[in-house]
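The values are calculated or read from the model by the stated rules, or taken from the named source; none is laboratory data. This structure is a prediction, so every number in the text was calculated from the model and none was measured. With ideal geometry, Cβ positions are generated from the backbone for all residues, glycine too; neighbour counts draw on all protein chains shown. When the accessible area is computed, the model is the full protein with side chains, heavy atoms only, and any ligands, DNA or RNA have been set aside. Shrake-Rupley method; radii C 1.70, N 1.55, O 1.52, S 1.80 Å.
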Amino acid sequence: MRNVGFNSCLQRLVRVAASKSCAFAGDRRGNIAIMSALILPVLIGIFALGFETSYWDQTQRSMQNAADSAASAAATNGTATYATEAKAVSALYGFSDGSNTVTVTSSNSATCPGGGNTCYSVTITKTVPLFMAQVGGYHGDATYNGGFGKQLTATAIAKQAGATRDYCILALASSGTSDGIDANGVPFANMNGCNVMSNTNSSCSGHNLGAGYGDAHGTNSGCGVTSEDGVPTVVDPYASLATHIPSNPCAGTYPQEPAKHNDPALPASNQFSGAKSWGSVVTVCGDMQLTGDTTITSSSGPTVLVIENGQLDTNGYKLATAAGSNLTVIFSGTSGSYTHAPTGGGTLDIQAPTSGTWSGVALYQDPSLTTGVDISAAGNSPTWDITGLVYLPHSSVTFSGIVNKSSNGASCFSIVVDNITINGTGQILDEGQCAEAGLTQPSALVGGRGGLVS
């Protein structure tokens, strides 16, 4: 009985143990705890990296906005100070160069998406610290205060739109003159409606000339209602016309006005007065002198008057073009003791051609001439009533008169010189009809607003 009872009890215990074992095996609460222990670090790492990347993305967007604005500002500036402009704008967005791991770099010779290397670029870099991303094992790509960090970068490229600006005074300054345009005092100078440009510096003390824009490749000190420094130099746009100067028929004979009492007078062929009907080309060998008012009528289209190795002495009289007629006066020959310029009192009342090779050109000094080309009383002796261009590329000009349009021409005047000093009244009246006058004025592509291109 004892054995039977023991066996029965043992069997009962086995059944109970088996039942408990099955229940334990079917209980998943322990498995979840183990799996949670294994997955939790991964989840923390994922959430940490998500938080981190969200922060990076927000900072990156702010940096990109700053780079976009800084690049546009640099392109709009378009001068030697473009980099300073870029850093100043970037700082307004909270990204100051050299502060809080921020670096701002810029260039004015970046490659443009459409080709060329005239674009402006701004790149902003910033290193940010790593926070929870380290939990996931990410150690970044930079250091921050001796720890792990992440470097963020934003780049923008902009291009200057540019605008064409026409000039009524252009100082080429090919001689190297420091101030291509110089004016002292000149309280009555008036270049209203006119822009002026020097390929070196400009200096106007006491008065800004009233010019709309005063531009200079170097430093502009007070010239123009709006003064601009660092404007690109303007290449001489008219030098190539020299190839169209008619050939010289003078055979080495160039009579000059008598310098002494006993010197011979000019021959009759060099003296002019009254009404003249001229063809396409008239050449005067040596000095040309007016002995009375002279009016030119072009008999077969515009007239080109070439004065070889001589001056145009108006001698107190007027040289004028008749209504419907046009004249270009060219000073040519060789450098030396000759004077190649207009002189004397009186008036030049000239309308330049409105079409053809010499369209818009009233007076033209051959650019090969480097002596005898200076003018000491431009616009005053003689008076200039000129429609068109006065081209004096190697001349030092003193300008003190008032330039008005010709009697029969449109309101348009431009002068190209080596350098010019403006004295007295120094006025150029309205020159807003250059299209009608046939003149393409000297111009430059100057800064316009910058626009993003990448």
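Worth pointing out:
- Where a residue in the stretch 254-267 is over 14 Å from residue 307 (Cα atoms) and its partner, wherever it lies, is surrounded by fewer than 11 Cβ atoms within 10 Å (Cβ to Cβ), with Cβ under 9 Å and at least six apart: 258/264
- For beta carbons closer than 9 Å, sequence separation of 6+ or different chains, a first residue in the stretch 50-73 that is over 12 Å from residue 125 (Cα atoms) and a second that is assigned to a helix (DSSP H, G or I) and of a type in the set (Asp, Glu), the qualifying pairs are 70/85; 73/85.
- Subset of the stretch 420-429 (residues that are open to solvent by 20 Å² or more (accessible area, probe 1.4 Å) and either closer than 17 Å to residue 443 by Cα or outside any loop (DSSP other than H, G, I, E, B) (or both)): 421, 427
- Matching residues in the stretch 145-158 - criterion: being open to solvent by 80 Å² or more (accessible area, probe 1.4 Å), on the phi < 0 side of the Ramachandran plot and of a type in the set (S, T, N, Q): 151
- Residue count for the stretch 332-357, restricted to those that are part of a loop (DSSP other than H, G, I, E, B), more than 19 Å from residue 316 (Cα to Cα) and either open to solvent by less than 20 Å² (accessible area, probe 1.4 Å) or free of Cβ contacts under 8 Å to residues at least 24 places away in the same chain (or both): 2
- Qualifying residues in the stretch 258-274 (those that are of a type in the set (Gly, Ala, Ser) and loosely packed, with under 11 Cβ neighbours inside 10 Å) - the one modelled with the highest pLDDT: 274
- Any hit, the stretch 10-26, residues being at pLDDT below 70, exposed (fewer than 13 other Cβ atoms within 10 Å of the Cβ) and not in a helix (DSSP H, G or I): yes
- Within the set 161, 142, 183, 171, the sole residue that is open to solvent by less than 10 Å² (accessible area, probe 1.4 Å) and at pLDDT below 95 turns out to be 183.
- Note on the stretch 275-290: among residues that are polar (S, T, N, Q) and within 21 Å of residue 302 (Cα to Cα), the one that is least open to solvent (accessible area, probe 1.4 Å) is 283.
- Residues in the stretch 358-375 that are buried (at least 22 other Cβ atoms within 10 Å of the Cβ) and of a type in the set (Ser, Thr, Tyr): 364 only.
- Of all residue pairs spaced 6 or more apart or on separate chains, those with beta-carbon atoms under 6 Å, a first member in the stretch 224-240 that is on the phi > 0 side of the Ramachandran plot and a second member that is open to solvent by 50 Å² or more (accessible area, probe 1.4 Å) and at pLDDT 90 or above are 224/213.
- Pair list, Cβ under 8 Å, 6 or more apart: the stretch 84-111 residue touching a residue at least 60 places away in the same chain (Cβ under 8 Å), other residue of a type outside the set (Ser, Thr, Tyr) and buried (at least 19 other Cβ atoms within 10 Å of the Cβ): none
- Members of the stretch 432-454 that are surrounded by 24 or more Cβ atoms within 10 Å (Cβ to Cβ) and in a loop (DSSP other than H, G, I, E, B): 438, 439, 442
Residue by residue, here is whether (1) aliphatic (A, V, I, L, M); (2) touching a Lys or Arg at 6+ places or on another chain (Cβ under 7 Å); (3) at pLDDT 95 or above; (4) within 20 Å of residue 403 (Cβ to Cβ) holds:
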site: 301; (1), (2), (3), (4): no, no, no, no
site: 314; (1), (2), (3), (4): no, no, yes, yes
site: 329; (1), (2), (3), (4): yes, no, yes, yes
site: 333; (1), (2), (3), (4): no, no, yes, no
site: 336; (1), (2), (3), (4): no, no, no, no
site: 344; (1), (2), (3), (4): no, no, no, yes
site: 350; (1), (2), (3), (4): yes, no, yes, yes
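- Residue ID - farthest from residue 381 (Cα to Cα), chosen from residues in the stretch 299-322 that are surrounded by 21 or more Cβ atoms within 10 Å (Cβ to Cβ) and polar (S, T, N, Q): 303
- Of the residues making up the stretch 73-118, those that are among the charged types (D, E, K, R) and either assigned to a helix (DSSP H, G or I) or open to solvent by less than 30 Å² (accessible area, probe 1.4 Å) (or both) are 85, 87.
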